[in-house]
Amino acid sequence: MSLAVVHSRALDGLRAPAVTVEVHLANGLPSFTLVGLAETEVKESRERVRAALQTSGLEFPANKRITVNLAPAELPKESGRFDLPIALGLLAASGQLDAARLADFEFAGELSLAGELRPVRGALAMALALRRDDSAAPRALVLPAESAAQAAQVGGRRVLAATHLLDVVRALLPGDAATALPAADAAAPAPAAPLPDLRDVKGQAAAKRALELAAVGGHSLLMVGPPGSGKSMLAQRFAGLLPPLTHEEALESAAVLGLAGAFAPLDWGRRVLRAPHHSASPAALVGGGSPPRPGEISLAHHGVLFLDELPEFARASLEALREPLETGRITISRAARQAEFPARFQLLAAMNPCPCGHLGSPLRACRCTPDVVARYQGRLSGPLLDRIDLQVDVPAVPPEALAAAPDGAPSAQVAARVASARERALQRQGMLNAALAGEALERHAALDAAGSAFLRNASARLGWSARSWHRVQRIARSIADLAGSDTIALPHLAEAIQYRRVLAVQ
């Protein structure tokens, strides 16, 4: 009998908990049993490992009773990431490798039938978990070359790249026979592709102003206007107004995208714009499945989530956004387990004012009755609208404005103002204005007696909730930051109040 132990990691949200792969060989009827709550794709690794070992010229212990245990047993295991550690465990248990040398490494990789290593999802999450795991020995992480280039972005631990099973075997041989695996190099950031310019949008000065305020304070924004007025164009240019991601933010964003296989190295450091179709289910939007996978709100972490044709989304999908908008995370609960994903996204949404889209348009008459308009706008619940900071009209652009030259500031100029205002807020309070709450809100967005009386009167007349009151304070704080003011004045409050649009549902 012989036993070998190999270290790897599973995917469970962004935690990537450690997994111990134990391989036991014993005499008896030949068999290959894999235990430890393995999903179907993990169980299929038996055939991939058998073929990879044989085609690579290595010995597969076919005449032994093989038991592979993936511990801890209660943690679900999925994907083909355990192919490489299982293969190495078999080699060590059968005496072809020194089992003691495996203790210095963690392995993950899917094997082809020819022994080539294929990339796996979640490489960044694995590297982040290994860096955070202070209790673990300083192990090196061995990954397929493409996955290793992503994991190397994290830093803090050694990441080694391999392209074939034999490369790993040679590196684990004793003495002079060993051939060291190359250290993975972090992929160089690609030259940034030019983003669409805000100046391409003709007219819409009020909407551009609201877009700039949303970028300054991290506020959510709803644009209401007829078809073709420029709502989607404005949303597509919003990412160009935001400052670049910090290194830690880029790591978190790429790690979540990697869990869904949606990360591309060329997009490193860029704020992602996710724009799901309005037919998206609640699970697609907030996450779900078994095992749980991140949804669009998590894939937009540190980026922008754009929901076009907002009333056309299923009500259950929209209502599922309410808690993540407040907390910046989503917890997916199933009977057997829970998974938590980050969801600190910035919401941009667009909608028509009525089913025909021309309510209030000076260019075309609306054919919808008041009841039809109320039912259409009523698809958005009051609690959801209450959580959207800025609500702005995007009217139809008259022909003379379309024929004129572009107006307004280009994206680079607006982005410079946004960066300056954000820096002011971060130096003052250490967070964006949209995140202010409780005592921090009262201290950094304090109102004088005149401003408090003005806001109290507006709140009473418009029937606002306490949430709306606080959101107006945050918006006014962003307006003051953009103006370079340390205090909130009455003009700042007056402008902030106009962004609390009143729809028929409210």
Estimated translational D of region 32-86 in µm²/s (Stokes, Kirkwood radius over Cα pairs; 25 °C; 0.890 mPa s): 210 µm²/s
Using every alpha carbon pair in region 344-487, what percent of pairs falls into each 5 Å bin from 0 up to the bin containing the largest distance? 2, 7, 12, 15, 16, 15, 14, 11, 6, 2, 0
When only DSSP loop residues count, what GluC sites (Glu not before Pro) in region 4-105 have their Cβ near at most 10 other Cβ atoms within 10 Å? Glu74
Treating each Cα of the chain as an identical point scatterer and ignoring solvent, apply the Debye formula and state log10 I(q)/I(0) at q = 0.06, 0.11 Å⁻¹. -0.37, -0.94
Give me the percent of accessible area attributable to carbon and sulfur for region 203-348, probe 1.4 angstrom. 52 percent
Putting +1 on Lys and Arg Cβ atoms and -1 on Asp and Glu Cβ atoms, find which of Ser290, Val216, Pro194 reaches farthest to the positive end of the dipole of the chain. Val216
Of Thr327, Ala339, His301, whose Cα points farthest to the positive end of the dipole of region 276-346 (charges on the beta-carbon: +1 Lys, Arg; -1 Asp, Glu; origin at the Cα centre)? Ala339
Relative to the longest principal Cα axis of the chain, at what angle does helix 83-93 sit, 0 to 90 degrees, rounded to 10? 20 degrees
Given a 1.4 angstrom probe, I'd like the percentage of the accessible area of region 1-139 that is carbon and sulfur, rounded to a whole number. 50 percent
Which of the cysteines found in the chain have nothing to pair with, since no other Cys Cβ lies under 4.7 Å from theirs? Cys356, Cys366
If you wrap a convex hull around the C-alpha atoms of region 231-277 and split its volume per residue, what is the figure in Å³? 82 Å³
Of Pro174, Phe105, Val19, whose Cα points farthest to the positive end of the dipole of the chain (charges on the beta-carbon: +1 Lys, Arg; -1 Asp, Glu; origin at the Cα centre)? Val19
If you average the alpha carbon positions of region 358-427 and of region 310-328, how far apart do those two centres end up, in angstrom? 20 Å
Please report the base-10 log of the normalised intensity I(q)/I(0) for region 1-156, using a Debye sum with one equal scatterer per alpha carbon and no solvent, at each q in 0.17 (1/Å). -0.95
Pick out, in residue order, every one of the trypsin sites (Lys or Arg not before Pro) in region 281-341 that is DSSP loop and has at most 15 other C-beta atoms within 10 Å; say none if there are none. Arg334, Arg337
Whole-number D in µm² s⁻¹ for region 314-370, Kirkwood Cα-pair radius fed into Stokes-Einstein, 37 °C, 0.692 mPa s: 223 µm²/s
Using a probe radius of 1.4 Å on heavy atoms only, what accessible surface per residue do you get for the chain? Whole Å² is fine. 43 Å²
Please give the charge dipole size of the chain, origin at the Cα centre, charges +1 on K and R Cβ atoms and -1 on D and E Cβ atoms. Round to the nearest 20 debye. 980 debye
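The values are calculated or read from the model by the stated rules, or taken from the named source; none is laboratory data. Note that the structure is predicted; figures quoted are calculated from it, not measured. Cβ coordinates were reconstructed from backbone atoms using ideal geometry, including for glycine residues, and neighbour counts include every protein chain displayed. To get the accessible areas, we keep the full protein, side chains included, count just its heavy atoms, and leave off ligands, DNA and RNA. Shrake-Rupley method; radii C 1.70, N 1.55, O 1.52, S 1.80 Å.
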